[in-house]
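Participant: So that we are looking at the same thing, I have put the structure below in C-alpha coordinates.
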Amino acid sequence: MRPPPAAAAPASRLNDHLIARSTPSFKKVALPVKIATWNVNSIRQREGHVLSWLERNQPDILLLQEIKCETAAFPAQAFAKLGYQAEAVGQKAYNGVAVLSRVPFEVTQRTLPGLPPDDAQARYIEIRALNTIIGNLYLPNGNSGGEAGYAYKLGWMEHLAQHAASLLAAGEDLILAGDYNVCPTEEDYAPGALPPEDALLRPETRARFRSLLWLGLTDAVRAMRPSGQIYTFWDYQAGAWPRDRGLRIDHALLSSRMAERLIEALPDRMERDQPQPSDHVPVIISFEP
(Lines give C-alpha, C1' and ligand atoms only; values in the text may rest on other atoms or scores of the structure.)
Protein backbone atom coordinates (compact mmCIF):
# COMPACT_ATOMS: atom_id res chain seq x y z
CA MET A 1 0.00 0.00 0.00
CA ARG A 2 1.31 3.36 -0.91
CA PRO A 3 1.73 5.71 1.96
CA PRO A 4 -0.70 8.59 1.82
CA PRO A 5 0.69 11.70 0.12
CA ALA A 6 2.33 14.16 2.42
CA ALA A 7 0.13 17.00 3.40
CA ALA A 8 0.76 20.16 1.47
CA ALA A 9 2.56 22.83 3.39
CA PRO A 10 0.33 25.69 4.33
CA ALA A 11 0.44 28.51 1.81
CA SER A 12 1.94 30.85 4.36
CA ARG A 13 4.88 28.45 4.95
CA LEU A 14 5.44 28.05 1.22
CA ASN A 15 5.47 31.78 0.77
CA ASP A 16 7.91 32.18 3.63
CA HIS A 17 10.20 29.58 2.03
CA LEU A 18 10.05 31.28 -1.36
CA ILE A 19 10.72 34.66 0.15
CA ALA A 20 13.72 33.28 2.07
CA ARG A 21 15.20 31.88 -1.13
CA SER A 22 14.48 34.84 -3.38
CA THR A 23 15.21 37.77 -1.07
CA PRO A 24 18.89 38.82 -1.14
CA SER A 25 20.71 39.64 2.05
CA PHE A 26 21.56 43.35 1.93
CA LYS A 27 24.77 44.83 3.28
CA LYS A 28 25.07 48.42 4.37
CA VAL A 29 27.24 49.98 1.69
CA ALA A 30 29.25 53.12 2.51
CA LEU A 31 28.61 55.88 0.00
CA PRO A 32 31.47 57.70 -1.73
CA VAL A 33 32.74 60.89 -0.15
CA LYS A 34 31.79 63.84 -2.36
CA ILE A 35 33.63 67.17 -2.18
CA ALA A 36 32.97 70.06 -4.56
CA THR A 37 34.52 73.44 -5.31
CA TRP A 38 32.69 76.38 -6.87
CA ASN A 39 33.47 80.03 -7.55
CA VAL A 40 29.95 81.46 -7.14
CA ASN A 41 30.82 85.06 -8.10
CA SER A 42 28.74 86.63 -5.27
CA ILE A 43 26.85 84.57 -2.71
CA ARG A 44 24.21 87.30 -2.44
CA GLN A 45 23.34 86.90 -6.09
CA ARG A 46 23.79 83.13 -6.15
CA GLU A 47 22.43 81.99 -2.77
CA GLY A 48 19.42 80.38 -4.44
CA HIS A 49 21.65 78.67 -7.01
CA VAL A 50 23.81 77.17 -4.27
CA LEU A 51 20.82 75.99 -2.21
CA SER A 52 19.25 74.33 -5.24
CA TRP A 53 22.54 72.72 -6.26
CA LEU A 54 23.10 71.37 -2.75
CA GLU A 55 19.65 69.79 -2.70
CA ARG A 56 20.24 68.10 -6.05
CA ASN A 57 23.81 66.93 -5.50
CA GLN A 58 24.21 66.63 -1.70
CA PRO A 59 27.99 66.85 -1.42
CA ASP A 60 29.57 66.20 1.93
CA ILE A 61 31.60 69.41 1.62
CA LEU A 62 31.25 72.38 -0.72
CA LEU A 63 34.07 74.91 -1.03
CA LEU A 64 33.00 78.36 -2.26
CA GLN A 65 35.12 81.15 -3.67
CA GLU A 66 34.50 84.79 -4.53
CA ILE A 67 31.61 85.09 -2.10
CA LYS A 68 32.04 88.90 -2.23
CA CYS A 69 30.70 89.65 1.23
CA GLU A 70 32.04 90.28 4.70
CA THR A 71 32.26 87.29 7.02
CA ALA A 72 29.29 88.32 9.15
CA ALA A 73 27.10 88.82 6.08
CA PHE A 74 27.49 85.26 4.81
CA PRO A 75 24.01 83.59 4.85
CA ALA A 76 24.96 80.67 7.07
CA GLN A 77 21.44 80.10 8.41
CA ALA A 78 20.05 79.40 4.95
CA PHE A 79 22.49 76.51 4.53
CA ALA A 80 21.99 75.27 8.10
CA LYS A 81 18.40 74.43 7.15
CA LEU A 82 19.83 71.87 4.70
CA GLY A 83 22.16 70.45 7.35
CA TYR A 84 25.32 72.31 6.33
CA GLN A 85 27.56 74.09 8.83
CA ALA A 86 29.23 77.17 7.36
CA GLU A 87 32.53 78.95 7.98
CA ALA A 88 33.51 81.97 5.90
CA VAL A 89 36.44 84.33 5.51
CA GLY A 90 35.12 87.39 3.73
CA GLN A 91 35.75 90.98 2.85
CA LYS A 92 33.50 93.70 1.54
CA ALA A 93 32.60 93.37 -2.18
CA TYR A 94 35.68 91.35 -3.20
CA ASN A 95 37.23 87.90 -2.89
CA GLY A 96 36.09 85.76 0.04
CA VAL A 97 35.96 82.00 0.62
CA ALA A 98 33.61 79.74 2.56
CA VAL A 99 33.11 76.11 3.54
CA LEU A 100 29.76 74.34 3.75
CA SER A 101 29.92 70.91 5.38
CA ARG A 102 27.47 68.29 6.58
CA VAL A 103 30.30 66.35 8.26
CA PRO A 104 32.14 67.52 11.40
CA PHE A 105 35.16 69.74 10.80
CA GLU A 106 37.49 72.19 12.47
CA VAL A 107 39.04 75.28 10.91
CA THR A 108 42.85 75.07 10.91
CA GLN A 109 43.74 78.22 8.95
CA ARG A 110 41.90 81.42 7.99
CA THR A 111 44.67 82.81 5.85
CA LEU A 112 47.45 81.25 3.81
CA PRO A 113 50.48 80.74 6.05
CA GLY A 114 53.49 82.82 5.08
CA LEU A 115 51.63 85.89 3.84
CA PRO A 116 52.44 89.24 5.47
CA PRO A 117 50.32 89.96 8.56
CA ASP A 118 48.82 93.05 6.89
CA ASP A 119 47.58 91.11 3.82
CA ALA A 120 43.84 91.70 4.05
CA GLN A 121 42.73 89.76 0.96
CA ALA A 122 40.30 86.98 1.92
CA ARG A 123 41.55 84.13 -0.25
CA TYR A 124 42.11 81.04 1.89
CA ILE A 125 40.40 78.91 4.50
CA GLU A 126 41.55 75.46 5.59
CA ILE A 127 39.75 72.77 7.53
CA ARG A 128 40.34 69.30 8.89
CA ALA A 129 37.48 66.94 8.05
CA LEU A 130 37.25 63.21 7.40
CA ASN A 131 40.88 62.89 8.64
CA THR A 132 41.98 65.11 5.75
CA ILE A 133 43.31 68.66 5.47
CA ILE A 134 41.19 70.53 2.91
CA GLY A 135 42.40 73.91 1.70
CA ASN A 136 39.92 76.17 -0.09
CA LEU A 137 41.67 78.83 -2.16
CA TYR A 138 40.93 81.75 -4.43
CA LEU A 139 44.25 82.46 -6.10
CA PRO A 140 44.91 86.00 -7.39
CA ASN A 141 44.11 86.60 -11.04
CA GLY A 142 47.29 88.58 -11.71
CA ASN A 143 46.01 90.64 -14.63
CA SER A 144 45.28 93.80 -12.64
CA GLY A 145 47.79 96.04 -10.94
CA GLY A 146 50.48 95.74 -13.59
CA GLU A 147 53.64 93.83 -12.81
CA ALA A 148 53.15 94.38 -9.08
CA GLY A 149 49.80 92.58 -9.30
CA TYR A 150 51.38 89.74 -11.22
CA ALA A 151 54.24 89.50 -8.71
CA TYR A 152 51.63 89.18 -5.94
CA LYS A 153 50.08 86.23 -7.80
CA LEU A 154 53.43 84.47 -8.13
CA GLY A 155 54.30 85.16 -4.51
CA TRP A 156 50.95 83.76 -3.38
CA MET A 157 51.59 80.59 -5.38
CA GLU A 158 55.01 80.26 -3.81
CA HIS A 159 53.54 80.48 -0.31
CA LEU A 160 50.92 77.89 -1.29
CA ALA A 161 53.64 75.50 -2.47
CA GLN A 162 55.62 75.99 0.74
CA HIS A 163 52.55 75.32 2.87
CA ALA A 164 51.62 72.24 0.83
CA ALA A 165 55.16 70.89 1.17
CA SER A 166 54.97 71.35 4.95
CA LEU A 167 51.67 69.47 5.19
CA LEU A 168 52.90 66.64 2.97
CA ALA A 169 56.10 66.35 4.98
CA ALA A 170 53.95 65.95 8.08
CA GLY A 171 52.19 63.00 6.43
CA GLU A 172 48.82 64.71 6.07
CA ASP A 173 46.20 63.58 3.58
CA LEU A 174 45.58 66.76 1.59
CA ILE A 175 43.16 68.36 -0.85
CA LEU A 176 43.87 71.84 -2.20
CA ALA A 177 40.86 72.94 -4.23
CA GLY A 178 39.43 76.14 -5.59
CA ASP A 179 39.84 78.78 -8.26
CA TYR A 180 43.53 78.72 -9.16
CA ASN A 181 43.26 81.24 -12.01
CA VAL A 182 45.68 79.05 -13.99
CA CYS A 183 45.22 77.23 -17.29
CA PRO A 184 47.93 74.58 -16.80
CA THR A 185 48.25 73.51 -20.46
CA GLU A 186 47.15 74.50 -23.95
CA GLU A 187 44.25 72.04 -23.69
CA ASP A 188 42.88 73.95 -20.71
CA TYR A 189 41.49 76.90 -22.65
CA ALA A 190 39.61 77.30 -25.90
CA PRO A 191 41.77 78.50 -28.79
CA GLY A 192 41.73 82.28 -28.86
CA ALA A 193 39.88 82.61 -25.54
CA LEU A 194 42.87 84.39 -23.97
CA PRO A 195 45.86 86.27 -25.35
CA PRO A 196 49.23 84.57 -24.75
CA GLU A 197 50.37 87.33 -22.39
CA ASP A 198 47.41 86.75 -20.03
CA ALA A 199 48.45 86.05 -16.44
CA LEU A 200 46.54 82.75 -16.49
CA LEU A 201 48.79 81.48 -19.28
CA ARG A 202 52.18 83.07 -18.70
CA PRO A 203 55.08 80.62 -18.41
CA GLU A 204 55.89 81.70 -14.86
CA THR A 205 52.30 80.97 -13.80
CA ARG A 206 52.35 77.51 -15.30
CA ALA A 207 55.75 76.81 -13.78
CA ARG A 208 54.41 77.64 -10.31
CA PHE A 209 51.46 75.29 -10.89
CA ARG A 210 53.80 72.51 -12.02
CA SER A 211 55.84 73.03 -8.85
CA LEU A 212 52.74 71.97 -6.90
CA LEU A 213 52.46 68.80 -8.97
CA TRP A 214 56.16 68.10 -8.48
CA LEU A 215 55.52 67.98 -4.73
CA GLY A 216 53.56 64.82 -5.45
CA LEU A 217 50.09 66.34 -5.80
CA THR A 218 47.68 64.99 -8.44
CA ASP A 219 45.36 67.09 -10.62
CA ALA A 220 42.09 65.23 -9.94
CA VAL A 221 40.33 66.06 -13.21
CA ARG A 222 43.34 65.16 -15.35
CA ALA A 223 43.85 61.95 -13.39
CA MET A 224 40.45 60.84 -14.68
CA ARG A 225 40.70 62.45 -18.14
CA PRO A 226 44.34 62.99 -19.08
CA SER A 227 43.58 64.80 -22.32
CA GLY A 228 40.82 66.71 -24.04
CA GLN A 229 39.17 70.07 -23.58
CA ILE A 230 37.44 70.33 -20.20
CA TYR A 231 36.31 73.75 -18.96
CA THR A 232 35.11 75.18 -15.64
CA PHE A 233 34.69 78.86 -16.61
CA TRP A 234 32.97 80.68 -19.46
CA ASP A 235 33.08 84.48 -19.61
CA TYR A 236 29.84 86.44 -19.72
CA GLN A 237 31.11 88.29 -22.80
CA ALA A 238 31.32 87.43 -26.51
CA GLY A 239 29.00 84.43 -26.35
CA ALA A 240 31.60 82.33 -24.54
CA TRP A 241 29.09 79.81 -23.17
CA PRO A 242 27.06 79.06 -26.32
CA ARG A 243 30.30 78.97 -28.32
CA ASP A 244 32.00 76.79 -25.67
CA ARG A 245 34.97 79.17 -25.43
CA GLY A 246 35.91 78.23 -21.89
CA LEU A 247 38.83 77.86 -19.51
CA ARG A 248 39.80 75.19 -17.00
CA ILE A 249 40.96 77.23 -14.01
CA ASP A 250 39.18 75.53 -11.08
CA HIS A 251 41.27 72.62 -9.82
CA ALA A 252 41.55 70.06 -7.04
CA LEU A 253 45.05 68.83 -6.21
CA LEU A 254 45.34 65.65 -4.14
CA SER A 255 48.00 64.02 -2.02
CA SER A 256 48.95 60.49 -2.97
CA ARG A 257 46.60 58.63 -0.63
CA MET A 258 43.68 60.80 -1.68
CA ALA A 259 44.56 60.20 -5.34
CA GLU A 260 44.46 56.44 -4.69
CA ARG A 261 40.89 56.81 -3.38
CA LEU A 262 39.73 58.99 -6.29
CA ILE A 263 36.62 57.69 -8.08
CA GLU A 264 35.61 60.64 -10.29
CA ALA A 265 36.33 64.32 -10.86
CA LEU A 266 34.32 66.37 -13.31
CA PRO A 267 32.81 69.86 -13.74
CA ASP A 268 29.03 70.15 -13.55
CA ARG A 269 28.74 71.98 -16.88
CA MET A 270 24.98 72.33 -16.90
CA GLU A 271 25.03 74.71 -13.95
CA ARG A 272 26.35 77.32 -16.39
CA ASP A 273 23.03 77.03 -18.27
CA GLN A 274 20.95 78.19 -15.31
CA PRO A 275 19.34 81.66 -15.28
CA GLN A 276 21.81 84.32 -14.08
CA PRO A 277 24.56 81.79 -13.35
CA SER A 278 28.05 82.22 -12.05
CA ASP A 279 30.65 82.28 -14.81
CA HIS A 280 32.22 79.22 -13.10
CA VAL A 281 30.65 75.80 -12.54
CA PRO A 282 31.12 73.40 -9.64
CA VAL A 283 33.80 70.74 -9.90
CA ILE A 284 32.78 67.55 -8.08
CA ILE A 285 35.40 65.13 -6.74
CA SER A 286 34.32 61.72 -5.40
CA PHE A 287 36.41 59.38 -3.26
CA GLU A 288 36.15 55.89 -1.89
CA PRO A 289 35.05 56.15 1.76
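Participant: For segment 32-110, with all protein chains present and a 1.4 Å probe, just round the carbon and sulfur fraction of the accessible area to a whole percent.
Facilitator: On the way: 1540 of 3420 Å².
Carbon-and-sulfur percentage of accessible area, whole number: 45.
Participant: Solvent-accessible area per residue for segment 33-287 at a 1.4 Å probe radius, Å²?
Facilitator: Values: 10660 Å² over 255 residues.
Counting only protein heavy atoms, the per-residue value for segment 33-287 is 42 Å².
Participant: Report the net charge of residues surrounding V107, where surrounding means a beta-carbon distance below 12 angstrom and charges are Lys +1, Arg +1, Asp -1, Glu -1. Provide the component values of the computation, followed by the final result.
Facilitator: Values: positive: R110, R128; negative: E87, E106, E126.
Taking every other residue near V107 into account, the sum is -1.
Participant: Cα-based count: Lys pairs in the chain below 29 Å, eight or more positions apart or different chains? Write down the numbers at each step before the final one.
Facilitator: Values: K28/K81; K34/K68; K34/K81; K68/K81; K68/K92; K68/K153; K81/K92; K92/K153.
For the chain, the number of qualifying lysine pairs is 8.
Participant: Here's a follow-up. Mind listing which chymotrypsin sites (Phe, Trp or Tyr not before Pro) in segment 206-289 are in a DSSP loop and have 16 or fewer other Cβ atoms within 10 Å?
Facilitator: Values: sites: F209, W214, Y231, F233, W234, Y236, F287; in loops: Y231, Y236.
Here the chymotrypsin sites (Phe, Trp or Tyr not before Pro) that fit, given the DSSP loop and packing criteria, are Y236.
Participant: Calculate how many DSSP beta bridges within the chain are antiparallel, expressed in % of all such bridges and rounded to the nearest 5. Each step should come with its number before you reach the end.
Facilitator: Working: 41 of 52 bridges.
So the antiparallel bridges in the chain amount to around 80 percent.
Participant: So if I take the centroid of the Cα atoms in segment 94-138 and the same for segment 219-254, what is the distance between those two points in Å?
Facilitator: First find each Cα centre; the distance between them is then 24 Å.
Participant: A further question on this structure: Using θ = phi - 60° and the Karplus relation 6.51 cos²θ - 1.76 cosθ + 1.60, list the HN-Hα couplings for segment 165-182 in order, rounded to whole Hz, with x at every Gly or Pro.
Facilitator: For segment 165-182, the Karplus-derived couplings read 4, 5, 5, 5, 5, 7, x, 6, 6, 9, 10, 10, 10, x, 8, 7, 6, 9 Hz, x marking Gly and Pro.
Participant: Stretched out fully, how many nm does the piece from E158 to S144 gain, at 0.36 nm a residue minus the Cα gap?
Facilitator: Working: separation 14, 0.36 × 14 = 5.04 nm, distance 1.89 nm.
The span from E158 to S144 would gain 3.2 nm if fully extended.
Participant: What does the net charge come to around E288 if you take all other residues with beta carbon closer than 10 Å to its beta carbon, with K and R at +1 and D and E at -1? If you can, show how the numbers build up before the last one.
Facilitator: Working: positive: R261; negative: E260.
My count for the surroundings of E288 gives 0.
Participant: In segment 164-289, what percent of the accessible surface is made up of carbon and sulfur (1.4 Å probe, ligands and nucleic acids excluded)?
Facilitator: Working: 2840 of 5400 Å².
C and S atoms contribute 53 percent here.
Participant: Over segment 109-225, what relative contact order in percent results from Cα pairs under 8 Å that are six or more residues apart? Please report the intermediate quantities before stating the final value.
Facilitator: Working: 134 pairs, mean separation 28.2, N = 117.
24 percent.
Participant: Counting only the heavy atoms of the protein chains, how much of M224 is accessible to a 1.4 Å probe, in Å² to the nearest 10?
Facilitator: 70 Å²
Participant: Can you give the local net charge around P59? Use residues other than it whose beta-carbon is closer than 9 angstrom to its beta-carbon, Lys and Arg +1, Asp and Glu -1. Show your work: numbers first, answer last.
Facilitator: Working: positive: K34, R102; negative: D60.
Result for the local shell: +1.
Participant: Please state the relative contact order of segment 33-287 as a whole percent: Cα pairs under 8 Å, 6+ residues apart?
Facilitator: Numbers: 556 pairs, mean separation 47.7, N = 255.
Relative contact order of segment 33-287: 19 percent.
Participant: Pop the C-beta distance of A151 and T111 into the FRET formula with R0 = 22 Å and round what comes out to the nearest 0.05.
Facilitator: Working: r = 19 Å, r/R0 = 0.86.
With a Förster radius of 22 Å, E is 0.70.
The values are calculated or read from the model by the stated rules, or taken from the named source; none is laboratory data. Since the model is a prediction, treat every value here as computed from it, not as a measurement. Counting neighbours? That spans all protein chains shown, and the Cβs are built from the backbone with ideal geometry, glycine included. We work out accessible area using only protein heavy atoms, side chains counted, and drop any ligands, DNA or RNA first. Shrake-Rupley method; radii C 1.70, N 1.55, O 1.52, S 1.80 Å.
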